[in-house]
Structure formats: structure tokens, C-alpha cells
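Working notes for the structure below.
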Amino acid sequence: MGTYLNPGKADFEEAVNSKIFVDKTDMIMYLNSVVKTKQKYVSVSRPRRFGKTMAADMICAYYDRKAESRELFANRKLAGCEPYKSGEKEVFWDEYLGKFDVIRLVMTKFIKKNNNVTDALSKMQKLIVRDIKKEYPDIDCFDEEDLIQTIEDVYSENSRQLVIVLDEWDAVFRERQNDKEGQKEYLDFLRDLMKDNNNIALAYMTGILPIKKYGKHSALNMFTEYSMMFPRQLARYTGFTEEEVQNLCKKYGRDYQAVSDWYDGYEVSDIMPPDPDHQELRATGKSPEAVRYSLYSPLSVVEATTTGIIKDYWNKTETYEALAEFIEMDYDGLKEAVAFLMDGGRLAIDTSTYQNDMTTFHGRDDVLSLLIHLGYLGFDDKKSEVFIPNREILDEFRSSTKGLEWKPVFRSFHLSQEILKATLDKDSDKVAELLEEAHNRAGNKTYNDEAALSYAIQLAYYAAQMYYTTILELDSGKGYVDIAYLPAPKYPALPALVVELKYNRSAETAMSQIKRQKYPERLIHYKGNMLLVAIDYDKDLPNTAPEFKHHKCIIEADCC
């Protein structure tokens, strides 16, 4: 066995022999289904502590032709799996056991902050080629420093195929975050190494980040991605499932509810492409619905189970220091979003613009998307909403927001909660008073025009997102409602809010417009459960006037 070629089974044996081992070997059955197909390129991204390296060790132990791993897998879940159909052939669990050469690479051993990418790739190729030459000394290789050519020379001649396993594949984007040329060189090398390479039976990459995008396109577009946002068929292998944690707690006499409160909460679903061989599809003509899983952070559960101590184990990871740095980036009200999430809110975001690196951010949603992949936020793929998944992660956010610079943010958020409560209580004087404070906190830039006033009011009602859907410029048929807040399905008893703003005109004028234009008729489903909110602001008052920066508010119930 070599260091990089056919590394054997020792690392996986260590995991199996550990005090706590949760058997995920049935994942191999899915990988076998894509071996030697166009789907053989698999990229799995998960946070630290979620078992990426152990999965890579397992894959090496299974496919390595020199590992002699039958006994190791024969007593595991994999051996109990039902065979699957491949054409007319039944494929059993051991179809590819020990059938390939395996190249195993941990990219953090090569890609480092003080090493350029060119030198790192050169060293890596020389070391792998050295292992290949030891295994196949009689094969003539054209260029023994060129890994791509050596693989072509060796495996075309001996008719064997390779499984390539890259752990920490994204090291270049974490260790050399600003080295754009180095990143491109690295991605080009991986593409040239693997794309359209018939000598490769399976390529499995794992890391924290999904594959880097340029615009809307992946730099390694032959890979299928299995991420924290969309883990697809590998969803139940992404972390510990509820059943697995319950079994551990029962075995070791731990309080399952306490473990669940602290470490549960990552929501994933195994959204699958249509499978013509699926039994349910054949019987009903419909693809099966995705199964949703609530997952736990594996390392935290193992620590809590072995020690019996429920606490925050997250800060042992390298991404801990990054959290404070990222949430300090105040893109588009990111700090207010963090305060909202820490209060238990869920926030709809657009994940499509995130470029899958740690430096290219164009707005709040890009930073929040990164935090999903780092494990600091959960993601609901049905609603495209982010949330803080559990008490352990909330503890991390609290630790990262203790600085004095966060006090105004939390005051603004609590102020927003007070404004919403006063609105629902129809206390218009209190709303006007609180809006004035909120408007001052938003800064002078929010006093310039009606659009700026609208922005300030949206900030003031930030907390409403927990209970309402916000609609700006709602078409009423006879005009546009400035802001409408419609109750979320979970809160049907709450009244809808129709908010009309007037800049340099009176709140009475705003209320008159609501009624004259019959705005409530656009929201007919909320008739009898609607509040009409009229707000004004006079910007022309001198700063010596007692009513400078003063708001007036009128709130009426629509009872018709």
C-alpha cells in the first residue's frame, strides 16, 4: 500500500473500533449506483464536524483493491442492503468491493497560506506519480512529473480504473482566499485531471464549500453537488439522524431531550431526480416525495454522549473565528438580520447569487448563504429560509455579538418589536414616538424622500417578518399600497396591516387616501381583520422646531 495510491483500510478501521461508531456504510450502495456512469463525479460539502473525513476513509477502504476489506464491511449496514437494478442486472452490496486502485488526497497537506498553488500542485503530482510507479514499475511513462499523462499511460495499458477521493478539496478557497489566479489554476488542474476521463470509475470530493461558481456556472460542471442546501440522495448521511441519536442516548443513558434541544435542527430533504426503476413510480406513475430529515452535528453529539456534559462544542473548529468576521459585514442590514435570527426568526433569502467562496459577497444573502455551508445556519429548501438551528449555534452567535458595536443593533431590533406590539394594540401615539426613535437610529439618509422614508419604516417593522409577509407597492387596482403586511400561515389570527406613508403631508391625508382608493378591497380575505396605518413625516421643519424629525400616526381597524 502507498501513501497516496491504495492507502488501505486502517483509518476506517479506527473509526469502526472507536467507542462510538454510527454506521453509515449503506451510503456506499448509492455511490455504487453511479460508478462508471456519467454521474460518477460526486461533490459533497458539509461543515466541519459532520463526518466528511470518515466518509472519505470508508470509501477508500471499500474500493481499494489491496485493502482486503470484506470482513470489515460484511457486518455493517451495507451488507444488509437490498440489491438494486442496473438494466437487467441485480447489483449486490459487494459489486465493487476491492475492485479499483484508489488515489486519496487531503488537499490541506499541499495547499497552504505560504505556498503558491503552482508549487503545491507540482509537489502533489510528483508524490502521487512516485506511488504509481512503485505499483507499476514496468510501464513506460512519458512524463513522470505529469500526473494526468501518467494516469493515461498506466491505466490505459492495464485496463484498470481509478477511484479518486479528494478530502478538503476547497482548501485553496480557505487558505488562499484572495489568490484568484491560484484558485483558477487549481480548478483548471482538477478539470483536466478528471473531466471525460474514462480511466476514472468514481471521483468523490468533499469539503466545506460547494464548487466555486463564476456567475451562474460551476467551474467543474461535470460534478453533481450534494450540499447543506441540497444534499439530494445523500441527505440522511449528512449528519446524525434522530433515530441514530435516540439509539446513542438509550445505549449510554443520556437525556435525549436535552441532546435534541442543543444539537438538533438542521433540516434537509432528499430531493431526488425521477428514477424510472423506482417501485412507487412504476406503481403510481408519480415519483416519490422527498423525505425530510432533522439532523444533528455528529461531533457535538459524540462529545455530549461520551462526557455526559451538554454544552457548546462548536468553538473547537477553525470556522469559529470566521463567524464574527462575516456577521460584521453590514451588507443590506445584515446585522439586523442576525438580531432577527437570534430572536428565533426565519428569513427568506436568495441563495442563487452566492459564488461559493469566502470573499465574493455582493449583499446580505451571500453572507447568509456562506453561513449555511459553514453550519452556522439551517436552511429550509421549501421556503428558501435560513434560521439558527439549535442552542449550540445560538451560543456561538451570542459569543460573537458581545461587543459594544452590537448594542445599537439589538436596541433597534427590540425597538422594532415594540413598534409591532404598539401597532397591534392600536396605540398610535406610542407608534409615532417609537417610529421617531427608530427613524433617528436609521440615520439622516432616511429623511431625504418618500422612498427613503419607506426604507426607514421597513427597518422599524423589521421584527414583523417573523409573523408577516411584507409586500411593497401592492397593486390595489386604484393605486398602490405603500406597504402591506400579510399574516404568515402559522399566524392566521393576526390582522393584516395596510401602511400608507406621506412625506411632507399629513397622516390624515394618508388615511383618507387608504379609504378613498379602497385599498382594503384588494385584501378581501382579511376583511374584518385588518389595521389601516397612516404615517407622515415633515422634513421641512427646522431643526430648532420642537417637532423636528417628528412623526404622526393614525391607526384604525377596517371593520367593513
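So here's what we get for this one:
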item	result
For the stretch 16-32 versus the stretch 86-104, the gap between their alpha-carbon centres in whole angstrom	16
The stretch 1-82: trypsin sites (Lys or Arg not before Pro) in DSSP loop, at most 10 other beta carbons within 10 Å	K19, K38
Ellipticity estimate at 222 nm from DSSP helix runs (n ≥ 4, -39,500 (n - 2.57)) divided over the chain, nearest 500	-11000 deg cm²/dmol
Mean Cβ neighbour count within 10 Å, used as a protection proxy, ranking 355-364, 55-64, 129-138 highest first	55-64, 355-364, 129-138
Folded to 0 to 90 degrees: helix 507-516 orientation relative to the chain principal axis, Cα	80
Cα gyration tensor category, rounded, prolate or oblate, for the stretch 130-260 with a/c compared to 1.5	prolate
Distance histogram for the stretch 1-55 (every C-alpha pair counted, 10 angstrom bins, percent rounded to whole numbers)	17, 42, 38, 3
Whole-angstrom Cα spans of the stretch 1-152 along principal axes, big to small	45, 37, 27
The stretch 312-402, dipole about Cα centre (Lys/Arg Cβ +1, Asp/Glu Cβ -1), debye to the nearest 20	260
Hull-based mean projected area of the chain, where the convex hull spans the alpha carbons, in square nanometres	31.3
Global geometry of the stretch 312-402, whether rounded, prolate or oblate, following the gyration tensor of its Cα atoms and the 1.5 cut on a/c	rounded
Principal axis box of the stretch 112-207, alpha-carbon based, largest edge first, Å	42, 23, 18
Dipole in debye (nearest 20) - the chain, about Cα centre, beta carbon charges: Lys, Arg +1; Asp, Glu -1	620
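Bear in mind these aren't lab numbers, they're just calculated from the coordinates by the rules spelled out. What you see is a predicted model, and the numbers here were worked out from it, not measured in a lab. Counting neighbours? That spans all protein chains shown, and the Cβs are built from the backbone with ideal geometry, glycine included.
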